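The block underneath contains the structure these notes are about, expressed in structure tokens.
The values are calculated or read from the model by the stated rules, or taken from the named source; none is laboratory data. Everything numeric here is computed off the predicted structure, so don't read it as measured data. Here the Cβ positions follow ideal geometry from the backbone for every residue, glycine too, while neighbour counts run over all protein chains shown.
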Amino acid sequence: MTRWFLQPENSRRTLAVIGAAFLIILVTFYLALPVAALFFRITPELFFSSLSDPEVQSALRLSLITSVISLGIVIIVGTPFAYFHSRTAYPGKMIVDTLIDLPLVLPPAVAGVALLVLYGRVGFIGRYLNLFGITLAFTTLAVIMAQIFVASPFYLRQAKSLFEQLDPAYEHTARTLGASPLRIFATITIPLTASGLVSGAVMTFGRALGEFGATIMFAGNLPGVTQTMPLAVYVGMEGNFIVGITISILLVLISFAIMIAVRILASREVPLA
Amino acid sequence: MLEIDIHKQLRDFPLNVNFQVKSGEILVLMGENGSGKSTVLNSISGLVTPDTGLIRLQGTSFFNSEKAVDKPVEDRNIGYVLQNPSVFPHITVRENIAYGLKARHQPKDLVDSRVNHWLRVMDIEGLARVKGGKLSGGQKQKVAFARALAIEPGLLMLDEPFTALDTESRQYVQEAVRTSVSDLQIPCLVVTHRVADALGMGDRVYILHQGFNRWEGRPSDIAAAGMHLPT
């Protein structure tokens, strides 16, 4: 009997193909099967009828509104921040760089607790805000704050690296042509990085939409006020199972839409250095 | 007239340059890589600040270390064609050429007529609606010339501007640049490492070596002076 490694070239190649196919199928099914199972758990009729469930509707509305606001704030503050951060050397830049990435590795529940310790009713800042009758924790605003904390790195990292990679010759040329820094930012820098910025924004939106841990800690789980879709899924699984599945399916569909959007945008040519 | 007398400590040696370029004159700046040529151009454009010295165009100070004058880049009105032509890839050739004029808030009629003029001069009328990113290297350089000249600059500076052009286009563009410099009566500074370019369009040559002036004279005298330059 010949050993496998002494076998002719052809059969060794066959073995490699079989092995590769097995691994590809294994990984694909591991990731796809649970998601597919969601869709088979309830009938389409049941799915569509529970879409009009007030619990589903209020969670969907709250999630979309808060995620859009979070994204807007991240873009408005994050774009100029990332620009200045990537173009200027300042003391402590390394620390800021690390802090930007921190929420990516920090467990979201910890982020929520941290926000609560700072802004909660008896928190370091929260107790003073409380004197003026301002409450942050367990409000819709807290949902947005939690989402921004957890989701902003996706946009900031992307924007930072795009601005670092953009060939400075474009901006230099625009300056010699007499354009003001603001005009250059609007007509050269942003358009040349736009597709990358949008894909960063889409990822941020997706992360904000899926936020669970920090939200439940810092904002709680009040229907209509702080109960976003992921929280409603959690509640649904303990009570109205169909509602939980319906919202889960909605989140899967939105996630797919986001990934397709990022794929399309990422395939666009970015004129860099 | 452009007057420059600057000093700047570079990493390996101090840069000391002192020369004038008359209106309508083309001065060719030569020297090996890292001899300080680009620093000279960038100091004049304002992208780099010299340590000390003076830069003046038609009597107006761009830079004067004694009087603490350092005019912002965007106010110097220089037509600068960089080695990498940096044609804005996301807008059309027409919009590229109009960019400087629009930044100066020129009326639309003037913008259109200037853009049409330079499209014609550079022989790129057929490319007017093409996006900058779709051009070949030679086409980009022509667009960069048209864009730099369309603002009717007070000074024209070209940094290795002919590298992507074939012989025929090179002659054509050099002639167009010479005519424009003479028509606009502006000083022109060209950085190149090709002796042929210096002979082809320069009125005077200034050779830099490790930050100081090694030779200055007429292009036709380069060989006689025993200057060994990379070709």
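One residue stands out in segment B:169-201 among those that are among the basic types (Lys, Arg) and surrounded by fewer than 21 Cβ atoms within 10 Å (Cβ to Cβ): the one that is nearest to residue B:29 (Cα to Cα), namely B:194. Of the candidates A:58, A:70, A:63, A:49, the single residue that is in a helix (DSSP H, G or I), polar (S, T, N, Q), touching a residue at least 24 places away in the same chain (Cβ under 8 Å) and farther than 13 Å from residue A:209 by Cβ is A:58. The set of residues in segment A:217-256 that are among the hydroxyl-bearing types (Ser, Thr, Tyr) and over 17 Å from residue A:206 (Cα atoms) comprises A:226, A:234, A:246.
Would you mind finding the one in A:196, A:236 that is over 30 Å from residue B:111 (Cα atoms), within 14 Å of chain B (Cβ to nearest Cβ) and assigned to a helix (DSSP H, G or I)? The match here is A:196. Does any residue of segment B:14-36 turn out to be in contact (Cβ under 8 Å) with a residue 40 or more places away in the chain and within 14 Å of another protein chain (Cβ to nearest Cβ)? No, segment B:14-36 contains no residue that is in contact (Cβ under 8 Å) with a residue 40 or more places away in the chain and within 14 Å of another protein chain (Cβ to nearest Cβ). Within segment B:18-46, the set of residues being modelled with pLDDT under 90, part of a helix (DSSP H, G or I) and surrounded by 23 or more Cβ atoms within 10 Å (Cβ to Cβ) comprises just one member, B:37. Spot the failing condition for residue A:249; the list is (1) farther than 25 Å from residue A:88 by Cβ; (2) among the β-branched types (Val, Ile, Thr); (3) within 14 Å of another protein chain (Cβ to nearest Cβ), and only one is missed. Tallying (1) farther than 25 Å from residue A:88 by Cβ; (2) among the β-branched types (Val, Ile, Thr); (3) within 14 Å of another protein chain (Cβ to nearest Cβ), residue A:249 fails exactly one: (3). Looking at segment B:107-127, which of its residues are surrounded by fewer than 16 Cβ atoms within 10 Å (Cβ to Cβ) and farther than 23 Å from residue B:172 by Cα? Once the filter is applied, which keeps residues that are surrounded by fewer than 16 Cβ atoms within 10 Å (Cβ to Cβ) and farther than 23 Å from residue B:172 by Cα, segment B:107-127 yields B:107, B:108, B:109, B:110, B:112. Annotation: of all residues in segment B:157-168 being away from chain A (no Cβ under 11 Å) and crowded, with 24+ Cβ neighbours inside 10 Å, the one that is farthest from residue A:170 (Cα to Cα) is B:162.
Selection of segment B:49-79 for residues being within 14 Å of another protein chain (Cβ to nearest Cβ) and within 17 Å of residue B:18 (Cβ to Cβ) yields B:57, B:62.
Only residues that are hydroxyl-bearing (Ser, Thr, Tyr), surrounded by fewer than 12 Cβ atoms within 10 Å (Cβ to Cβ) and under 20 Å from residue A:203 (Cα atoms) were counted in segment A:22-70, giving 0. Of the residues making up segment B:89-111, those that are farther than 15 Å from residue B:152 by Cβ and more than 10 Å from chain A (Cβ to nearest Cβ) are B:92, B:93, B:94, B:108, B:109. Filtering segment A:164-182 for residues that are part of a helix (DSSP H, G or I), surrounded by 20 or more Cβ atoms within 10 Å (Cβ to Cβ), of a type in the set (A, V, I, L, M, F, W, C) and within 11 Å of chain B (Cβ to nearest Cβ) leaves a non-empty set.
With a requirement of 3 or more residues that are over 23 Å from residue B:86 (Cα atoms) and at pLDDT below 85, the strands (runs of 3 or more DSSP E) lying completely within segment B:151-217 that satisfy it span B:212-217.
Pairs meeting the criteria (first residue in segment B:122-146 and more than 14 Å from every other protein chain (Cβ to nearest Cβ), second residue at pLDDT 90 or above and part of a strand (DSSP E or B), beta carbons under 7 Å, at least 6 apart or on different chains) are B:128/B:92; B:129/B:92; B:130/B:92. Any chance segment A:103-113 includes a residue that's under 30 Å from residue B:71 (Cα atoms) and either of a type outside the set (A, V, I, L, M) or at pLDDT 95 or above (or both)? For segment A:103-113, residues under 30 Å from residue B:71 (Cα atoms) and either of a type outside the set (A, V, I, L, M) or at pLDDT 95 or above (or both): absent. The single condition among (1) more than 10 Å from every other protein chain (Cβ to nearest Cβ); (2) in a loop (DSSP other than H, G, I, E, B); (3) modelled with pLDDT under 90 that residue B:86 does not meet is (1).
If you go through segment B:1-17 and keep only what is part of a strand (DSSP E or B) and touching a Gly at 6+ places or on another chain (Cβ under 7 Å), you end up with B:5, B:6, B:7, B:14, B:15, B:16. Here residue A:91 meets the list (1) touching a residue at least 12 places away in the same chain (Cβ under 8 Å); (2) of a type outside the set (Lys, Arg); (3) not in a helix (DSSP H, G or I) almost entirely, failing just condition (1).
Looking at residue B:50, is it part of a loop (DSSP other than H, G, I, E, B), crowded, with 22+ Cβ neighbours inside 10 Å and not aliphatic (A, V, I, L, M)? Yes. Only residues that are part of a helix (DSSP H, G or I) and surrounded by fewer than 21 Cβ atoms within 10 Å (Cβ to Cβ) were counted across segment A:130-159, and they come to 5. Taken over segment A:107-129, residues that are surrounded by 14 or more Cβ atoms within 10 Å (Cβ to Cβ) and either assigned to a loop (DSSP other than H, G, I, E, B) or among the hydroxyl-bearing types (Ser, Thr, Tyr) (or both) amount to 3.
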